[in-house]
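Throughout, read-outs are computed from the coordinates displayed, never taken from laboratory work. Since the model is a prediction, treat every value here as computed from it, not as a measurement. Note that each Cβ is placed from the backbone with ideal geometry, even for glycine, and that neighbours are counted across all protein chains shown.
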Amino acid sequence: MKPRRQASLQGRLLQVLLLAVGLVAVLLMALDYLAFQSGIADRVAQRSAAEGLGEALADVDEPVAAAIVRATEMQFNRSRRAAGLPGIEDLAFALQTHDGRLVYASEALKDAKGTVALAPEQLRQPVVRTGGHAYWPCLHDTARWRVMLFEPVVQDSVLLRWLGGGLLPSILVAIPLLMLPLWWAVRTGLAPLRRLVSVLAVRDAGELAPLDLDLRYAELQPIVNSIDGLLAQARQHVAQERALAHNTAHELRTPLAVIAAHAHALATASDAASAGVARQGIQRGVQRTSHLVDQLLTLARLESSGGAHPAESVDLAAVCRQHLIDLTPLADSRGIEMALVSPDECHATTVLPALHSILDNLLRNALCHCPAGSHVEVQLAQRDGQIRIAVLDDGPGMPAEERAQAFDRFFRGQTAGPGSGLGLAIVSEAVRLLGGRVFFDTQEGAGLWVVVEWHGGGAEP
């Protein structure tokens with residue numbers, strides 16, 4: 001299949017210019033057409049000619065008057081023919097006395113019998129038909145004479161041909177005078193874009209440094225700024241992925257080393273007690289490694305899912321209660337009391353997998369970092385479609401200087417307990433999918449207060 005030819009911006013601009021010239025020509029023709037029609041309606045030129053002829057006939061007898069009208073007719077029509085307008089017809093004149101006696105009439109006004117039939121009421125019509133022609137009449141009465149001037153009706157097609165013929169030479173001259181400067185302006189104006197294309201064409205795919213180009217024109221510079229912005233995001237993403245790979249390898253190294261050590265101890269154990277200790281060590285290492293892998297997979301799913309999970313209507317209070325029930329064995333084993341403060345029902349539209357990740361990680365973090373005898377509370381509220389879930393605990397809390405980095409992947413504070421440092425990073429990514437925000441709120445005394453807010457729709461309870 002023959003490839004389709006790409007459109008040219010330069011050609012498009014030249015086409016637009018031609019269209020603009022055509023529209024201007026049409027507009028000028030329309031204005032001239034309206035001006036012509038207005039002049040015909042006013043009969044200014046015809047009245048002036050008839051009045052002048054009437055003054056010239058004021059003191060002459062009939063033969064001389066007829067000769068003057070005939071000479072005037074010849075002069076006017078000679079001037080009309082000299083204009084060179086195609087299809088132009090001659091003016092016609094007639095002269096009567098006040099009693100209706102015809103003194104002179106142009107041949108074009110006469111019928112086949114050589115007579116002229118012009119009733120007074122006919123002369124007052126916008127268009128008069130006589131002698132096989134249509135005329136715009138103009139009547140002027142003096143003390144002695146009735147002077148009549150008849151201008152042939154011009155058809156619209158003929159008039160437009162006249163107007164177009166007058167404009168066409170000017171347009172033909174104007175087009176190249178406009179095209180050449182525009183072609184030069186477009187060609188030089190697109191030169192910075194061609195320079196940008198050449199820079200990108202020779203750039204290595206792995207080079208993420210800013211382009212740092214000046215495209216000279218204010219309208220083009222945002223293109224470079226946008227590309228530099230994308231490159232900056234790519235650099236940040238690459239740095240994050242490298243850090244993730246490094247941290248993942250570091251986090252996996254420890255449990256794998258523990259598993260290897262206990263496996264060696266199990267292989268060389270001399271008694272059942274030593275073998276049991278080794279097996280328990282292997283089991284703990286496998287559990288820690290499995291938990292880390294699960295966390296990484298959860299984070300990867302949240303980062304790559306985008307809008308893959310549709311929002312659905314759920315009862316948030318029921319979801320929170322179920323999470324507390326599921327984690328009750330872990331809380332009991334650590335001697336921690338859990339509670340839920342919420343309405344009986346709280347219906348909203350949300351992305352359920354993201355909500356599960358938020359509740360699971362916030363509650364597990366609280367249970368893992370709080371000592372025995374602590375209290376963990378989940379608060380749920382809804383107002384004007386805004387959902388607020390807060391997880392409070394009275395554990396050791398987190399220093400204020402560490403909270404800015406708390407949602408980074410693999411970040412673990414100085415007082416952190418066991419864990420991979422991915423829990424709050426998963427919460428942050430899940431909240432992003434909900435289109436909300438997560439932050440630390442203030443709380444008197446020790447403990448930590450993590451708040452998640454997003455717009456979930458639904459009706460207030």
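Taking the Cβ of residue 377 as the center, what net charge do the other residues with Cβ under 10 Å away carry, scoring Lys and Arg +1 and Asp and Glu -1?
Details: positive: none; negative: 337, 393, 394.
Net charge around residue 377: -3.
Place a point 7 Å from Cα of residue 15 in the direction of its Cβ. Which residues in segment 189-212 have their backbone N less than 20 Å from it? In segment 189-212, the label zone of residue 15 (backbone N under 20 Å from the point 7 Å along Cα→Cβ) covers 190.
Using packing as a proxy for protection, rank 89-96, 167-174 so that the peptide with the highest average count of other Cβ atoms within 10 Å comes first.
Values: 89-96: 21.4, 167-174: 11.9.
Those peptides, ordered most packed to least, come out 89-96, 167-174.
Full extension from residue 341 to residue 99: what is 0.36 nm times the residue separation minus their Cα-Cα distance, to one decimal in nm? Don't skip to the answer; put the middle values down first.
On the way: separation 242, 0.36 × 242 = 87.12 nm, distance 11.39 nm.
Working it through step by step, the gained length comes to 75.7 nm.
The 3J(HN,Hα) values that the Karplus relation (6.51, -1.76, 1.60; θ = phi - 60°) gives for segment 65-80 are, in residue order, 4, 4, 5, 5, 5, 4, 5, 4, 4, 4, 5, 4, 6, 5, 5, 5 Hz. Gly and Pro appear as x. Other residues lying with their Cβ under 14 Å from the Cβ of residue 328 contribute a combined charge of -1, Lys and Arg counting +1, Asp and Glu -1.
Along segment 158-165 the Karplus relation, 6.51 cos²θ - 1.76 cosθ + 1.60 evaluated at θ = phi - 60°, assigns HN-Hα couplings of 5, 4, 5, 5, 5, 5, x, x Hz to successive residues, with x for each Gly and Pro.
Under 14 Å from the Cβ of residue 206, count the other residues' Cβ atoms, weight Lys and Arg +1, Asp and Glu -1, and hand me the total. Spell out each step's value before the answer.
Numbers: positive: 203, 235, 242; negative: 204, 207, 241.
That sum, taken over residues with Cβ under 14 Å, equals 0.
Listed from fewest to most Cβ neighbours within 10 Å, the set 115, 349 follows the order 115, 349.
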